[in-house]
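Working notes for the structure below.
What follows is calculated from the coordinates using simple rules that are stated; it is not laboratory data. Only a predicted model underlies this, so the values are computations on that prediction, with no experimental measurement involved. Counting neighbours? That spans all protein chains shown, and the Cβs are built from the backbone with ideal geometry, glycine included.
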Amino acid sequence: MKKYLRIYWKLFKVNQSALLMYRGNFLSSFTADIVWGAFNIISFFFITRKVNQIGGWSGDEILLLASSFNIISGIYFTLFSKSFYRLSHIVQKGLLDGILLRPLDSQFYISAQYSNITKIIRTILCIILNIYLLQRMNVPIHFTNIISFIFLVIVGVIILYSVSLFLFTLVIWNPELSNLYSLIWDYIQAARYPNEVFQGLHTFIFLFMLPVMFAVTTPTKSLLNKMLWGDVVIICLIASMTFILSRKFWCFSLRGYTSSSL
Amino acid sequence: MKKLSEVFLLKRNLHNGHSGPDAFDRGPKSAFTNRPWIRIDDLTRMTRTMKYLKIFFLYNQRIFEQRAKSLIFFLSTLVNPLLLLLLWIAAFKTNKVIDWSLPDAASYYLLLVTTAAFLMSFVEESVGKIDIAEGQLTSYMLKPFSYFWLKYFEEAPYRILQGIYALSILSIFFITFNKLFVISNSPITILLSLVIAILGYHIAFSFKFIIGLLGFWMTELAGLFNVVEIAIYIFGGYVMPLTFLPPVAASIAYFTPFPYIIYYPVVALQGKLSVTELIHIINVQIIWLCLLALIYKYVWNKGKQLFTSFGQ
């Protein structure tokens, strides 16, 4: 474990140095992230101007949900998204062979290979927005709320990581699906909608949406003092199940990997 | 000059095995005149058109080879509007939204998916990130074709395939929830809506092409592309109809080309606009196209002077 932490830290530092070498890229990535984060909030702001509440969530609560989504997705983007984005390229070019030959866990290396610190700006700005919205709604912020929120955010990130890994593993089966990234991102974006939106959907679609449904709503509920212990149990169960499943699927897919590049 | 060209054709026919006066009669009839032979400029024009068509068909083959990849692109454009529709359905249960009903919302987002699949070009990625940044433009510049039209015929098959996917989804929704789907039944409205849609595609293509050409001046385009994409999402009616936007945002939107790409084709097909309004929109679209053509000429002429490429 200590070895992996040390390697992770080294990889992280190398990535950030590389990022700072190209100022243009750095600024562009920074701008893009602020703009997308703002878009997530603005689009809900426009909708909540027309409707008072959606599925029991008031306008401000929906904005808080969108903001919490930005916090969680900001961490996910900082730590994992670039690595997943590069996965199809790695498989296509046959670079996975080199990774599998290293004395490291391949899932760890695939997930930690790249990181991008600029993405954290979305998280920072939305923490400030969350505090503002909670004050506007007159919701008291207790120490226990903060601790439970931080814990649930970590669980939420684990869920996003696991479902992404599961879906990105499909690239091993079909390396040409290089654009899977955009579809998975759109799927993850479903997390910014209240759970009630998905009620009444076909069971199969509902089950498919289930992991991302809880990844953000439960942490947000903890801030609003609306969380039940059942919600915590469900989100922890989903996180562990998706993590185990994605791990199993990754290992299973590697068994079918033929080491041929395109 | 005219005689020379006629002699040239005669020589070609003779070379192909025809001889005597018959040689002219056996030659292909010109599409432009009743003469039994073709003038060189007519021939050049025809062959150029044929070559563009050939490019179109070649890309068509390539795109149909990559159906799965294209399907994923389509699905990713489908997810967001459907999520927004689900959100509105949940909102309708607890709120009364003025001027909007469930059938209106459902038709709006389903038509949005369809028109976006057909009309929203993504040419800026290949122009800015591949052709200019990676130097592929050299191969295009050496070809005896306009770069703009080459990219146009490269992009068209993508739109057609995406549109076919969208129409399939639309048909499924139409069969399953036909009461929720409202579309104009006036032939003149449909006809004018199609004109608006075609002009919308050309606005989208020209605008995105110009954005891609900015790669001549900028080395990193991701930030700009994201800003443009979000502007199109908000002002192009992706999130919600423009009439629902705050007045300031709506008035900004009407001064941009974005509503003329997706929003107006959608509301026109829904039958929300009168014939006079439809004609007015077509006029504005033509003005936008002329403006974009001028900007394109200027940007292309200035930009290509900055372009350098070398290799072995």
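Let me know the Kirkwood hydrodynamic radius for region A:163-228, please, with Cα pairs as the basis and the value in Å to one decimal.
Working: mean 1/r = 0.0750 Å⁻¹.
One decimal place: 13.3 Å for the Kirkwood radius.
Is it possible to state the helix-based mean residue ellipticity at 222 nm for chain A, with each DSSP H run of 4+ residues giving -39500 (n - 2.57), the sum divided by total residues, to the nearest 500 deg cm²/dmol? What is it? Present the calculation step by step, with values, prior to reporting the outcome.
Details: 12 runs with 193 residues, N = 262.
That comes out to -24500 deg cm²/dmol.
Give a quick list of GluC sites (Glu not before Pro) in region B:95-168 that DSSP marks as loop, anything other than H, G, I, E or B, with at most 15 other Cβ atoms within 10 Å.
Details: sites: B:Glu124, B:Glu125, B:Glu134, B:Glu154, B:Glu155; in loops: B:Glu134.
Sparse-neighbourhood loop GluC sites (Glu not before Pro): B:Glu134.
Once the convex hull of the alpha carbons of region A:122-206 is built, what does its volume come to per residue, in cubic angstrom? Before the final figure, lay out each step's value.
Values: hull volume 11.7 nm³, N = 85.
For region A:122-206, the hull spanned by Cα atoms encloses 138 Å³ per residue.
Can you give the mean number of other chain Cβ atoms that lie within 10 Å of the Cβ atoms in peptide A:170-176? Each step should come with its number before you reach the end.
On the way: counts 0, 0, 0, 0, 2, 0, 5.
Going residue by residue through A:170-176 and averaging, the value is 1.
Any idea what log10 I(q)/I(0) is at q = 0.10, 0.17 Å⁻¹ for region A:144-262, Debye with uniform C-alpha scatterers and no solvent?
The Cα Debye sum returns log10 ratios of -0.35, -0.87.
Do any of A:Lys82/A:Lys226; B:Lys129/B:Lys272; A:Lys226/B:Lys93; A:Lys2/B:Lys129 go past 32 Å between their Cα atoms, and which?
A:Lys82/A:Lys226; B:Lys129/B:Lys272; A:Lys2/B:Lys129
For region A:81-126, report the % of Cα-Cα distances exceeding 12 Å. Please list the in-between numbers first.
Numbers: 677 of 1035 pairs.
Cα-Cα pairs of region A:81-126 separated by over 12 Å account for 65 percent.
Using only the alpha-carbon atoms of chain A, report the extent along each of the three principal axes, biggest first, to the nearest angstrom.
56, 46, 36
Using a Förster distance of 45 angstrom, determine the FRET efficiency expected from the C-beta separation of B:Thr94 and B:Val275, and round it to 0.05.
Values: r = 37 Å, r/R0 = 0.83.
Efficiency computed from Cβ-Cβ geometry: 0.75.
Per residue of B:236-248, count partner chain C-beta atoms within 10 Å of its C-beta, then hand back the mean as an integer. List each step's numbers first, then the result.
Working: counts 0, 0, 1, 6, 5, 0, 0, 0, 4, 3, 3, 0, 0.
Counting Cβ atoms of other protein chains within 10 Å of each residue's Cβ and averaging gives 2.
Tell me the Kirkwood radius of the protein assembly as shown: reciprocal of the mean inverse pair distance over distinct alpha-carbon atoms, in Å.
Numbers: mean 1/r = 0.0374 Å⁻¹.
Across the protein assembly as shown, the inverse of the average 1/r is 26.7 Å.
Starting at the first residue of region B:189-197, write each ³J(HN,Hα) from the Karplus equation 6.51 cos²θ - 1.76 cosθ + 1.60 with θ = phi - 60°, in whole Hz, x for Gly and Pro.
Per residue, the Karplus-derived 3J(HN,Hα) values read 5, 4, 4, 5, 5, 5, 4, 4, 5 Hz.
First select every other residue whose beta carbon is under 13 angstrom from the beta carbon of A:Thr118; then total the charges, Lys and Arg +1, Asp and Glu -1.
Values: positive: A:Arg23, A:Lys82, A:Lys119, A:Arg122; negative: A:Asp33, B:Glu220.
Summing Lys and Arg as +1 and Asp and Glu as -1 gives +2.
So for the pair B:Phe307, A:Arg255, with labels modelled 7 Å out along Cα→Cβ, what separation do we get in nm?
5.1 nm
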